[in-house]
């Protein structure tokens, strides 16, 4: 059914550059400098990657990858972005090189598309430095010397590890301390980001280390039942299921009930029948993360992926913009030994995550962050059936009412270029909701230009364009 995959979490920090004169660089993180990645074309940024220890006793270390822009004369913001996508490891968002975050534009000044593996894709934009974190332990290249570290990992341990990572990462890169920090991400980041942001606000009361300026959550899991049960209406309204199945999916067994039973290993007969019918009608040849997007046929048919440097999957393009097989291509690339060597990475450990944490609502934490003065933006790719926009919009509207936030920007369209980029509404100039028209579960993947407009407005604290 393609329900929410938590298996990867990418942290992405975009850190504000301050004006400074040319000087010789000398800092501990310099030893993690990447001289070059196999097959990567010339890029407009420096690259660093390696490990930051979060537990000396158990030798637990989180892997990071940093894209550092070379520009010295632009003040650049910081954005911490979690991504969570079924089938991806955490580094996908940073080293998919450029099908995702490059599409978000964070690599230079042009719009030529090229990824690490030499594939033609890219967008260029000189707004920020990007730090990607593979978290929790057992995801991607992050590892522990103690096998017990991979057991009973949950939201709380992940948030604590991420906070320690950031503290220790600043020791490696001290010149990034005190720069404006934004946190953003998608999917299960609806748990990771608010939890980390709340720890940051608590830590800052004792020692002012993080200059947190706002968080943005894309198609996020904020309240299990509301988010997951909006799937039925999405399927029905988009023609994926008929009236009769919609009735079953909303009365006999809704989606949150099914997922709860599935995670507990005890699916009831009625839920099994309903979900079997829904699965058949919606078809495995429809991408649930973007119901309008074609699927990668090789992935649909394969029961397992064979990862070798010599074999590459055929590219399937939607028009001239989206390579729907980019996930397989990136997995192949990151599993190459020469690539891992260049990244100073090792592949160890299997994660055992507490899946039932998904049922714990985080919308209440978002409310506390707003009360603490932290701006929040929730955005939705409107073609995502996994965490549909209707659930997110409902939760944001309810939260605004609970906090007594009045509408400061009435529901309206916003523009990217001369086309409608989506719809938006703002409450109290601190809480905002936006859709990205034609976008998937990870909006930058299918709508990079519109996501770029959204991103710039977020970090600049400006309203989304009302006209062109």
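Quick look at the numbers
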| read-out | value |
| --- | --- |
| Count of region 265-282 residues which are under 26 Å from the mean Cα position of the chain (by Cα) and not in a helix (DSSP H, G or I) | 0 |
| Hey, residue 259 buried (at least 18 other Cβ atoms within 10 Å of the Cβ), within 25 Å of the chain's Cα centre (by Cα), outside the structural domain of residue 440 (by TED's automatic domain parsing) and touching a residue at least 40 places away in the same chain (Cβ under 8 Å) or not | yes |
| Residues that are surrounded by fewer than 17 Cβ atoms within 10 Å (Cβ to Cβ) and under 18 Å from residue 143 (Cβ atoms), drawn from region 341-366 | 341, 346, 347, 348, 350, 352 |
| Filter result (out of contact with any strand residue (DSSP E or B) (no Cβ under 7 Å at 6 or more places or on another chain) and either under 17 Å from residue 448 (Cβ atoms) or modelled with pLDDT under 95 (or both)) within region 403-421 | 416, 417, 418, 419 |
| Residue within region 150-159 that is under 16 Å from residue 57 (Cα atoms), part of a helix (DSSP H, G or I) and free of Cβ contacts under 8 Å to residues at least 40 places away in the same chain present | yes |
| Residues located in region 371-409, provided they are under 20 Å from residue 421 (Cα atoms), part of a loop (DSSP other than H, G, I, E, B) and without any contact (Cβ under 8 Å) to a residue 60 or more places away in the chain | 382 |
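The values are calculated or read from the model by the stated rules, or taken from the named source; none is laboratory data. Keep in mind it's a predicted model, so treat the numbers as computed, not measured. Positions of Cβ are backbone-derived with ideal geometry, glycine not excepted, and every protein chain shown enters the neighbour counts.
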